[in-house]
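The values are calculated or read from the model by the stated rules, or taken from the named source; none is laboratory data. If you're wondering where the values come from, they're calculated on a predicted model, not measured in any experiment. Cβ placement follows ideal geometry from the backbone for every residue including glycine, while neighbour counts extend to all protein chains displayed. We work out accessible area using only protein heavy atoms, side chains counted, and drop any ligands, DNA or RNA first. Shrake-Rupley method; radii C 1.70, N 1.55, O 1.52, S 1.80 Å.
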Amino acid sequence: MTDFARGQKGKLADIGCAGAFPIVLHIAPQGMEVDIVCFGLDADDKLSDDRYMVFYNQKSCPGDAVTLEISAGKSTFATDVTRLPDSIHKLVFTAAISGEGTMRKLGDSTMRLGSASFPFSGADFQDEKAVIVGEVYKRDGQWRFGAVGQGFNGGMSALLKHFGGTEAQSAPSATQ
């Protein structure tokens, strides 16, 4: 297993990821509620199709290019980039705190794929409510992995806005 540092990048083929492979995020929430989401982005780094946002409430995208299984404190994204349409250029894996707390409270956490592991913990952050953990992206016709570790103070709302998405609004009640 090769540990990647924040900002480090490598080709998927070089870390043993070909065809279908798992991407596992193990988050040590230390009593916080943390939501894990994969955003499928277009060439402009935007979420132009909500069907490519994979999370606890939508556990797969079209063609099952990315599917999510959540169990025992880890989120496993079964990933097959060959099933993605040409419009998807990047998969961004994020963690966001739902409720109280900040990323500085995280325990030892990791993102693993193939022979690569990106370890991170609360010591890497300040008062952020969300973080882009890592990304799988296409460059020069090849898929690559990048360890990111970039935080956002505004939580999931800030991530959605950053990627050009919008939050679903609650429908007004019939009594209003």
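Right, A123: over 16 Å from C38 (Cα atoms), assigned to a helix (DSSP H, G or I) and of a type outside the set (K, R) or not?
Answer is yes for this residue.
Determine whether M103 is touching a strand residue (DSSP E or B) at 6+ places or on another chain (Cβ under 6 Å) and over 30 Å from D140 (Cα atoms).
Criteria met by M103.
If you check every pair at least six apart or on different chains, which have Cβ atoms under 7 Å apart with a residue in region 1-29 that is under 27 Å from R104 (Cα atoms) first and a residue that is open to solvent by 50 Å² or more (accessible area, probe 1.4 Å) and among the basic types (K, R) second?
Between residues of region 1-29 that are under 27 Å from R104 (Cα atoms) and residues that are open to solvent by 50 Å² or more (accessible area, probe 1.4 Å) and among the basic types (K, R), the close pairs are V24/K74; V24/R112; L25/K74; H26/K74.
Looking at the structure I just gave you, is R144 in a strand (DSSP E or B) and open to solvent by 70 Å² or more (accessible area, probe 1.4 Å)?
no
Please determine, by comparing only the residues of region 68-81 that are of a type in the set (G, A, S) and assigned to a strand (DSSP E or B), which one is farthest from the chain's Cα centre (by Cα).
This residue is S71.
Could you check, for region 7-15, whether at least one of its residues is open to solvent by 70 Å² or more (accessible area, probe 1.4 Å) and over 19 Å from W143 (Cβ atoms)?
For region 7-15, residues open to solvent by 70 Å² or more (accessible area, probe 1.4 Å) and over 19 Å from W143 (Cβ atoms): absent.
What do you reckon, is D49 among the charged types (D, E, K, R), surrounded by 14 or more Cβ atoms within 10 Å (Cβ to Cβ) and over 13 Å from the mean Cα position of the chain (by Cα)?
Judged against the criteria, D49 is a match.
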